[in-house]
Structures are given as structure tokens and as C-alpha cells.
Amino acid sequence: MERISDIIESIANEKNLNIDDVKERVKRALINTAKHVYGVNYEYDVVIDGSKNVKLYQKISVVENDDERLNEDNEHFISIKEAKKIDNAIELGDELTYELSLDNLGRTAAQTLHKELEYHIQRLVEEQIFHKYSQMEGQIVFGSVVRVDENENTFIEIDELRAILPRKNRIKGEKFRVGDVVKAVIRKVFTDKSLGIKVELSRTSPKFLEALLTAEVPEIKDGGIIIQASARIPGERAKISLISTTPNIDAIGATVGTKGVRINAVSKELNGENIDVVEYSSEPAIFITRAMSPAIISAVSIDGQKATLSLVSEQKSKAIGKSGINIRLASMLTGFEIELNEIGNNEKSSNNNGLQGLKALFGEL
């Protein structure tokens, strides 16, 4: 059985697998083949020695003479009395081992071994692929469109597998054709009993926006700027909050880029989605006020996860945004339920000192 060691190395090299993992799968294949050939009532072991020789053993456990398992139709137990006839030095709990050969058992054994090897190596390859792509969730990948089905789900060839971009994960108005190169983020990886490993892609997830910005802005990639949170209404508008890890980096300026070149590049990939860049603050009132931009907020009152925002009537339409998009995104970004409280001019004057204090705090930040 020395040839098996050559098969192990060949499989490991050809499929880029860890050789120790391949050895374990080959051992399983050999044991299953032995069960098929010699019987399932025995225990087996496979040993690969330092000279790369592969040896298959049948194991029989030594038990008491009156052990009830001896009366069952179970051939991998032997009484101590019978075992002593084979080896007088043997003790209770020891195992008798017999080396077996699969070399000369004919076509049936060879076919069984081939099927077992094929099955176990395929499972190993699938496990490796699953692990690889599970580690890539939230990362950008790209590939060529190979099919678009009747439900407008897009299938994209990515390295060693075919991923799916469901219609629901596609930006409104987008249509892809076979041959198009599509960029998306890995949303989730799972296994399907009938279809095997499935990788679901998304172009609508906030993670796609974050991944695009990370690729476009070196300061984010290097850790000088941290993306604290993001929110999207795909194809329309998005908000993203940032925090700088060093006073030398302007989080907003670096992300937007000179004349908006960086943020515009990301917006273009998102079919013209408008992106509001917000500086994060650990103080909820300040963060919410910034998230509500371009509206100017006069005061913020927080009760649990609910924030009541006071603003003059002229700012209300800006705060709400077209079809409520601004307030929805601000709520998604901050995690607060936001309620607007319209105030009159008299209330505006009474709140002026508080607003000036807030502006002063903005200036300090």
C-alpha cells in the first residue's frame, strides 16, 4: 500500500490542501473500505509510518471471559482466554491487531476505495472553500456574470465557485448581462443540502458602502479613520459616521477627498447614491444633531432610545428630507427613534443660549 502515500501528496498539491488534512481523509476512506470488504463488526486503524508506508490494521479488544459482549454478534471482542492462546503476554484491555491488505482484493475493493477517496476529498475541498469565504463576509469581491435567471437573480463566477446576487440585493434600476464584471460584498455564506455551498452577494448592504470606502480611502484602510456606523437607502442616499484615531487626520476631509474625488468615486459605483459624511461623537445629542444635517437643530432631548429634536419651522423640511429619507437615515445611523418638535420664534430665542453652547462645543471638537 506504499502507493497511497504518493496519492496523498498528489491530491494535496493538486487541490492546494493541507497534507495532514488529506492524510486524515485518506485514513477514513481506507477504514470505510475495510468495513465494506472485511465487515463492519470490526474496528480498524490506519498508520502512516516515517517511511510513508501506509498500513491497515484490524483491532480486537481483549475482555473478561464472561463479558456479555462476547455473546453478541460482535466480532471485535475476544476473551482473555482465547487471546492468551495467541499471545501469552497479553492483558485485559489490550488490543490484538492484524495487518490487512487491500492490494489484492480485486476490482470491487478498488472501486470502493476510489469512491471513498473521491467523497472524502470533495468534502475536504468544500470545507476549505466554506471556511475561506466565511472569513470574507463583509469583503468586496468581483467576478463575471454567467447567468441571469427568470427571477432576475444574477449568478457571478468568483474564483472556484459561483455566487448569487439576488434581485433584492441589487440596487434599484440595475440590470446585468452575461459577461458583465460586477463588484459586490459577500453578505453571507451557508450550505444547502441539495446545492452545496452558497455565497450570497449584496450591493445594497451598508457593508458594501463601508468596503468601498475602505478600498478608496487609504486612511480608513490603514486605521487612521474608523467607520463607526453606516446607513443606506440603496441607490438614493446614505449616511456614514467616522472618527479619526489621530488629531493629524481630518476624518471628513480625508474621506471626501480633494474636490470630492474619493466620495464621488464611491457614489459612482453605487449608481449616484448621495453620501453624507458625518463626524461621530460619543455624546448622543451631538451625534444626532450632526446626523440630521443639512437641517439645523435647536435642541435635543433624549429619553432612553428616543430623541426629541426641537427645530424652527424653516428647518423641518430639511430634517425630514424627500419622502422622509433624511430622518430615516439619521435614525438608522444613530440607533435612536427621532421625533421632531417644531418651535416658534419666541422659543427659538429662549433656546439661543443652549444652541450657542452647542456651537461652542462643535468648535472645540
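A few remarks follow.
- The stretch 292-333 versus the stretch 131-154: alpha-carbon centroid distance in Å: 37
- The residue among F287, V63, V141 whose Cα reaches farthest toward the positive pole of the charge dipole of the chain, with charges on the beta-carbon of Lys, Arg, Asp and Glu, is F287.
- 0 to 90° range, to nearest 10: angle between helix 19-38 axis and the chain longest Cα axis: 40
- Among beta bridges from DSSP that stay inside the chain, the antiparallel ones total about 75%.
- For the stretch 235-250 versus the stretch 15-30, the gap between their alpha-carbon centres in whole angstrom: 47
- Within the chain, helix-based [θ] at 222 nm, where runs of 4 or more DSSP H residues each add -39,500 (n - 2.57), nearest 500: -12000 deg cm²/dmol
- The orientation-averaged projected area of the convex hull spanned by the Cα atoms of the stretch 231-298 comes to 5.3 nm².
- For the stretch 197-329, accessible area per residue (1.4 Å probe, heavy atoms of protein chains only), Å²: 45
- For the chain, a Gaussian network of Cα nodes joined below 10 Å ranks K198, K322, K188 by mean-square fluctuation, and the top entry is K322.
- For the stretch 68-192: accessible area per residue (Å², 1.4 Å): 66
- Relative contact order computed over the chain (Cα-Cα under 8 Å; 6+ residues apart), in percent: 9
- Highest GNM mean-square fluctuation among A285, A211, A89, for the chain modelled with Cα contacts below 10 Å: A89.
- Charging the Cβ of each Asp and Glu at -1 and of each Lys and Arg at +1, and nothing else, the dipole of the chain about its Cα centre rounds to 2320 debye.
- Surface share of carbon and sulfur [accessible, 1.4 angstrom probe, percent] for the chain: 45
- Cα gyration tensor shape of the stretch 153-226, rounded if a/c is under 1.5, else prolate or oblate by comparing a/b with b/c: prolate
- Choice from R107, R123, R177 with maximal GNM fluctuation in the chain (Cα, 10 Å cutoff): R107
The values are calculated or read from the model by the stated rules, or taken from the named source; none is laboratory data. Being a predicted model, the structure only gives us computed values, none of them experimental. For neighbour counting, all protein chains shown are included, and Cβ atoms are generated from backbone atoms with ideal geometry for every residue, glycine included. When the accessible area is computed, the model is the full protein with side chains, heavy atoms only, and any ligands, DNA or RNA have been set aside. Shrake-Rupley method; radii C 1.70, N 1.55, O 1.52, S 1.80 Å.
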